[in-house]
Amino acid sequence: MTIDAATVKKIAQLARIRVSDEDINYYGPQLQNILAWVEQLGEVNTDGVEPLANVSEIPLSLRADVVNDGNIQQDIIKNAPEAVEGFFVVSKIVE
């Protein structure tokens, strides 16, 4: 697949990247090399290869998904410059 200047401009527009006219000639071959590499990866035989999330056989340690407040509300409020009834006081900002 050949990447021409119009394709580079279209890709830049889709990626919302500003590319100068001088750089278009530079990025065309770069994108073409990337696509050639992706095509080369597509030629690899992956029959019988299971999908993999981690290369090591170490199982992930999971903890129970328990919702709590950490029981440290008072310790956190101590850091606030001002607090009322266990909540931070934030000055009102109106633009």
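The values are calculated or read from the model by the stated rules, or taken from the named source; none is laboratory data. Predicted, not measured: the structure shown is a model, and the values here were computed from it. Here the Cβ is made from the backbone with ideal geometry for all residues, glycine too, and neighbour counts use every protein chain on show.
Would you point out which residue out of I24, I76, I11, I17 is of a type in the set (A, V, I, L, M, F, W, C) and modelled with pLDDT under 90?
Numbers: I24 fails: modelled with pLDDT under 90; I11 fails: modelled with pLDDT under 90; I17 fails: modelled with pLDDT under 90.
It is I76.
If I go through the stretch 12-28 residue by residue, how many of them are surrounded by 11 or more Cβ atoms within 10 Å (Cβ to Cβ) and of a type outside the set (D, E)? Spell out how you get there, then give the answer.
Initially, the stretch 12-28 is screened for residues surrounded by 11 or more Cβ atoms within 10 Å (Cβ to Cβ), giving 12-13, 19, 23-24, 26-28.
Next cut, of a type outside the set (D, E) only: 12-13, 19, 24, 26-28.
So the count comes out to 7.
Does A5 meet the test of being touching an Asp or Glu at 6+ places or on another chain (Cβ under 9 Å) and surrounded by 10 or more Cβ atoms within 10 Å (Cβ to Cβ)? Write out each step before concluding.
On the way: touching an Asp or Glu at 6+ places or on another chain (Cβ under 9 Å): yes; surrounded by 10 or more Cβ atoms within 10 Å (Cβ to Cβ): yes.
When the stated conditions are applied, A5 passes them.
Mind listing whichever residues of the stretch 40-80 are out of contact with any strand residue (DSSP E or B) (no Cβ under 7 Å at 6 or more places or on another chain) and surrounded by 10 or more Cβ atoms within 10 Å (Cβ to Cβ)?
Answer for the stretch 40-80, where residues must be out of contact with any strand residue (DSSP E or B) (no Cβ under 7 Å at 6 or more places or on another chain) and surrounded by 10 or more Cβ atoms within 10 Å (Cβ to Cβ): Q73, I76.
Taking the stretch 32-82, which residues are of a type in the set (V, I, T) and either in a loop (DSSP other than H, G, I, E, B) or farther than 30 Å from A6 by Cβ (or both)?
Matches in the stretch 32-82: V44, T46, V49, V55, I58, V66, V67, I72, I76, I77.
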